[in-house]
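The values are calculated or read from the model by the stated rules, or taken from the named source; none is laboratory data. The structure displayed is predicted, hence computed values, not measured ones. Using ideal geometry, Cβ is built from the backbone for each residue, glycine included, and neighbour counts are taken over all protein chains shown.
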Amino acid sequence: MEKKAQLTNLDGGYAWVILVTSYMVFLICGGNFFTSGVFLVSFLEYFHQGAAKASIIGSLSSAFLVGSGLLVNYLCKRFGARIVVIGGGFLSTLGVILSIFAPSLSFLYFSFGVLVGLGYGLSQLSVCFIIGHYFKKRYALASGIMFAGASCGILCLPPLYNFLIEIYGWRGSLFFVAGMNAQLVVCGALLRPFNRQSSTESVKDNADIWTKQNSVQSYVCEVKSDYKLCTTAEEKQTFIPMIVTEEKKNNNVDDKNVFSRAARNFFHLLGIEMFIEIPAFTMLCVAQILEGIGFVTAIMYLAARAISVGISKNNAAFMLTLMGVGSSIGRVTHGWIVDRGHICAITLMGIAVGCSGVILLCISFTTGYPALVTLTVCYGFFFGIYQPLVLVSLRVCVGDEKHSTAFSWDWMCMAIGYMCGPPFAGWLYDKSGSYNSSFYAAAGVLMSSGIIVLLASRFRKCSANYNARHDV
């Protein structure tokens, strides 16, 4: 009966509650992050600093948001997504409250960059992991709807923040941001842990049993994928990383073998072998570095460039809203196409990234507001297609068991791009006096990223055909 109830949660039942909650988490985290360019203009004017120095705030925030994947992966398996999201809500709220009283730009590096970015990372990445437990057949559609929350944030928040800044200033506007971040605690409370006990009955037959006695309680552990599911006497469950060997080892093992085995276990837990065994995964990670550089540059400087060519602040902020409209359309529509099998997820991902680069190149040559609006909507549409497909493409490459670890590494690579992109783009602006040079560079790396993703798709197909012919 328990197994039947659990199976009803796949692609239905409480899975829809998880999906709505994940949507709201992305709306708060993604929406606030993607609209940080509105506050960047205020920081530049208030602290009288160069664009390169001010952009470090967004660079740190984005790097900690997407670079905390391995930490979030471990915390979710140790404590569960509910606790991690609640902790992220508290941390991001604290960071915004401290930013209200920031005396200098350097203080914002820590409060608005590190604390807020890490809090958003804990919350946003946790729901990315849990959504894969509740959805299988409709995974592409569910991930698209979840990522559409960020698009809704981009749609609603820029004009609101611009209005609040004009009335209350950037410090007063941050009170509203802190209130939104506090809602992450409510969202985290709704994330019911996914029960793994009823996955398959065959797991018990093939699992090694390990029992440890101590003065407090006893644990009975079953192998679940790369982890052991440990049940205490109080029937509490926790995931403890541990590699189980097939044969019992001699108790009198020398120190060298113990160290070697510990090192192998450590690298296995980190998933290092995926970079060697799965070349397509490695190529996707390289593409993510380039994508991070190009995408975050466009987000941070799109409004600033529009203002530099004579467009008002309100209209510049409205461009980000229109980008959210295009992104929402892309994120909702692509899932149905991929789930139906009309196109490979990795191929569509490469096409979307490459087209985003082409559009950024066109934006750098455009000054008229109607043309900029059209290009911005198109850029949002292709970006809306691309980002949710990262989750789906990684599952295609590495499978379900290594999916969360692969996603952590992939976003870690994106963090490198997020860290390097804004300061480099700001440096180009300071040297040239124009944002066009920054958009030239962003367009180039995005087109390069798209080419690499398409090559990864082709390489994966060739490897699959080779393995099929040789029965590998």
*Test set (1) within 17 Å of L454 (Cβ to Cβ); (2) crowded, with 24+ Cβ neighbours inside 10 Å; (3) out of contact with any Pro (no Cβ under 9 Å at 6 or more places or on another chain); (4) not aromatic (F, W, Y) - H334 fails condition number*: (3)
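Residue-by-condition table, conditions (1) closer than 26 Å to G80 by Cβ; (2) of a type in the set (F, W, Y):
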position: V390; (1), (2): yes, no
position: W409; (1), (2): yes, yes
position: A415; (1), (2): yes, no
position: G421; (1), (2): no, no
position: D430; (1), (2): no, no
position: Y440; (1), (2): no, yes
position: M447; (1), (2): no, no
position: L454; (1), (2): no, no
position: R458; (1), (2): no, no
*If you take the residues in region 6-52 that are modelled with pLDDT under 80 and of a type in the set (V, I, T), which one is nearest to P423 (Cα to Cα)?*
V41
*Do any residues in region 276-295 that are free of Cβ contacts under 8 Å to residues at least 60 places away in the same chain have Cβ atoms under 9 Å from those of residues that are surrounded by 24 or more Cβ atoms within 10 Å (Cβ to Cβ) and in a helix (DSSP H, G or I), where the two are at least six apart or on different chains, and which pairs are they?*
T282/A456
*List every residue pair whose Cβ atoms lie under 9 Å apart, where the two residues are 6 or more positions apart in sequence or sit on different chains, the first residue falls within region 412-426 and is within 12 Å of A442 (Cβ to Cβ), and the second residue, located anywhere, is crowded, with 22+ Cβ neighbours inside 10 Å and among the charged types (D, E, K, R).*
G417/E291
_Checking the conditions here, which among V114, V96, V66 is within 20 Å of W411 (Cβ to Cβ) and either touching a Pro at 6+ places or on another chain (Cβ under 6 Å) or buried (at least 20 other Cβ atoms within 10 Å of the Cβ) (or both)?_
V66
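What helices (runs of 4 or more DSSP H) lie completely within region 55-174 and have 2 or more residues being more than 29 Å from G330 (Cβ to Cβ) and out of contact with any strand residue (DSSP E or B) (no Cβ under 6 Å at 6 or more places or on another chain)? Please lay out each step first, then the result.
Numbers: elements: 69-79, 81-100, 105-108, 116-134.
Per the criteria, 69-79, 81-100, 105-108.
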